[in-house]
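Notes follow the structure.
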Amino acid sequence: MANILISLLLTTLSIHLIASVGAVYDIVDFGAKSDGQTDSANALLSAWNAACQSTSPATIYVPNGKFLVGHVTFMGPCANNKINVQTYGTFVAPSNYANFGSAGEWIVFDKVVGLSVYGGTFDGSGSGLWACKASGGSCPDGTTSMTFRNSKDVLISGLTSLNSELYHIVIDNCDGVTVQSVKISAPGNSPNTDGIHVQGSNGVTVTGASIQTGDDCVSIGPGTTNLWIELVSCGPGHGISIGSLGKGYNERGVQNVTVKTTVFTGTENGLRIKTWGRPSDTFVQGVVFEHAVMQNVQNPIIIDQNYCPDNKDCPDQSSGVRISQVTYTDIHGSSASKVAVKFDCSPTNPCSGIELQNIKLTYSGAQPAEASCTHAGGTTAGFIIPRSCL
Ligand SMILES: *[C@@H]1O[C@H](CO)[C@@H](O)[C@H](O)[C@H]1NC(C)=O
């Protein structure tokens, strides 16, 4: 089954929709150098300004070659609502993290309506910063590779994101974003290198993604509504995670999330919901997890409402986040720990409406797999292995 899913996924990944529309702006004509050494940020910005000011559809063309670029923000609003960025080459970030400055972001699209980003490789050159962090010295937080902010009707297709210093792709405060056939890769021990992070956004769809990284494959932050995730392979990584939520008191909730047809290989978590053990007035409502394969996953199914790193800043150790209507259907495979299903909910706001259907998770240790429930209520249907504790 896992193999079928993975080959399905790879088929999806090989589909690249490349569309060249309207006037074409080749970044080389604007002075970009494909030598991997000359900073091409200004050339890129000039090409962007031309495309953005065009009153008809425009394509920014990035040919083969290696283009060094520092921090760039592609700012809208634009005079047209059909801008394509079509990349055949590779963008590389400065290898010395000190050259990134303090922006915390590498490539940013802001306030753009009608944007398609096709193809290309985006190499965040993160290894220097990870080494600094590993040595325990004082290092900057790092730089997110690609950020899509305050934008609408966005397509991100067929691109590869490598070795980000921090998050690879962030979708923040957007409406209508499709991410398809992307590959994300960073070492399993690279810190905070989340694959795709969505927050404050409505109508985001992620289909066909292969994610290997050192933190969450997909992380879902406050204010995410109508999110669809399908055909994702994850590992190494920390799984697909709703949260951490409820760090602040007045956070926007998460509503209507579907995570379908996923494969987790050797990950820390599979399907996770995680909230701070702090007072908060927010919620997670309406989540469907279906058709997941777990291969040697530490915590295949987990709700953790007691997140409190270093036991600091969690005044009464009880999460205010209300979690309801969470369905798990057809989740099977192997757990790397004995507790394969764990619902550790808030004593003041118990999880309600959890539904389990056709679950089969095994543990290869001496004892069989177990389920553990604290303050969690719901129903089951079909076969449930390990036996439900709801
Ligand atoms: C939930 O979100 C999906 C898209 O992910 C959408 O198609 C569906 O209509 C939404 N459901 C509700 C009840 O809003």
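Exactly one residue among Val287, Val254, Val259, Val232 is farther than 20 Å from Glu355 by Cα, under 18 Å from the mean Cα position of the chain (by Cα), within 16 Å of the ligand (Cβ to nearest atom) and open to solvent by less than 20 Å² (accessible area, probe 1.4 Å), and that residue is Val232. Among the residues making up region 161-178, those that are of a type in the set (S, T, N, Q) and either more than 17 Å from Ser127 (Cβ to Cβ) or assigned to a loop (DSSP other than H, G, I, E, B) (or both) are Asn163, Ser164, Asn173, Thr178. Looking at (1) in contact with a strand residue (DSSP E or B) (Cβ under 9 Å, 6 or more places away or on another chain); (2) farther than 24 Å from Pro187 by Cβ, can you tell me which one Ala93 breaks? The number of the failed condition is (2). The condition of being modelled with pLDDT of 95 or more and either farther than 21 Å from Thr121 by Cα or hydrophobic (A, V, I, L, M, F, W, C) (or both) holds for Phe74.
Here Gly320 meets the list (1) part of a strand (DSSP E or B); (2) in contact with a Pro (Cβ under 7 Å, 6 or more places away or on another chain) almost entirely, failing just condition (1). Quickly run through region 333-372 and pick out the residues that are closer than 18 Å to Arg322 by Cα, open to solvent by 40 Å² or more (accessible area, probe 1.4 Å) and in a strand (DSSP E or B). Within region 333-372, Lys342, Ser352, Glu355 meet the criteria.
Among the residues of region 59-93, those that are open to solvent by 20 Å² or more (accessible area, probe 1.4 Å), in contact with a Pro (Cβ under 9 Å, 6 or more places away or on another chain) and free of Cβ contacts under 8 Å to residues at least 60 places away in the same chain comprise Leu68, Tyr88. Across region 179-195, the qualifying residues are those that are polar (S, T, N, Q) and touching an Asp or Glu at 6+ places or on another chain (Cβ under 9 Å), and the one among them that is nearest to Leu231 (Cα to Cα) is Thr193.
Does region 268-283 include one or more residues that are polar (S, T, N, Q) and in contact with a His (Cβ under 7 Å, 6 or more places away or on another chain)? Looking through region 268-283, at least one residue is polar (S, T, N, Q) and in contact with a His (Cβ under 7 Å, 6 or more places away or on another chain). Considering every residue within region 294-312, establish whether at least one is polar (S, T, N, Q) and over 16 Å from Leu271 (Cβ atoms). Checked against the condition, which is being polar (S, T, N, Q) and over 16 Å from Leu271 (Cβ atoms), region 294-312 yields at least one hit.
Tallying residues that are within 16 Å of the ligand (Cβ to nearest atom) and either open to solvent by 10 Å² or more (accessible area, probe 1.4 Å) or at pLDDT below 95 (or both) within region 235-251 yields 0. Against the list (1) modelled with pLDDT under 95; (2) under 22 Å from the mean Cα position of the chain (by Cα); (3) of a type in the set (S, T, N, Q), the condition Ser95 fails is (2). Residues in region 212-228 that are away from the ligand (no atom under 16 Å from the Cβ) and polar (S, T, N, Q): how many? Count: 3. When the test is whether a residue is away from the ligand (no atom under 16 Å from the Cβ), open to solvent by 10 Å² or more (accessible area, probe 1.4 Å) and within 17 Å of Ser388 (Cβ to Cβ), Lys312 does not pass it. Taking (1) away from the ligand (no atom under 16 Å from the Cβ); (2) open to solvent by 10 Å² or more (accessible area, probe 1.4 Å) in turn, Thr282 satisfies each apart from (2).
Inspection of region 176-195 identifies no residue that is within 15 Å of the ligand (Cβ to nearest atom), closer than 21 Å to Thr282 by Cα and either open to solvent by 30 Å² or more (accessible area, probe 1.4 Å) or under 12 Å from the mean Cα position of the chain (by Cα) (or both). Of note, Asp141 does not satisfy the criterion of being within 12 Å of the chain's Cα centre (by Cα), away from the ligand (no atom under 16 Å from the Cβ) and not in a strand (DSSP E or B).
The values are calculated or read from the model by the stated rules, or taken from the named source; none is laboratory data. Predicted model, so just to flag it, every value in this text is computed and none were measured. Here Cβ is always computed from backbone atoms with ideal geometry, including for glycine, and neighbour counts include all displayed protein chains. Please note that ligands, DNA and RNA were not included when accessible areas were found on the heavy atoms of the full protein model with its side chains. Shrake-Rupley method; radii C 1.70, N 1.55, O 1.52, S 1.80 Å.
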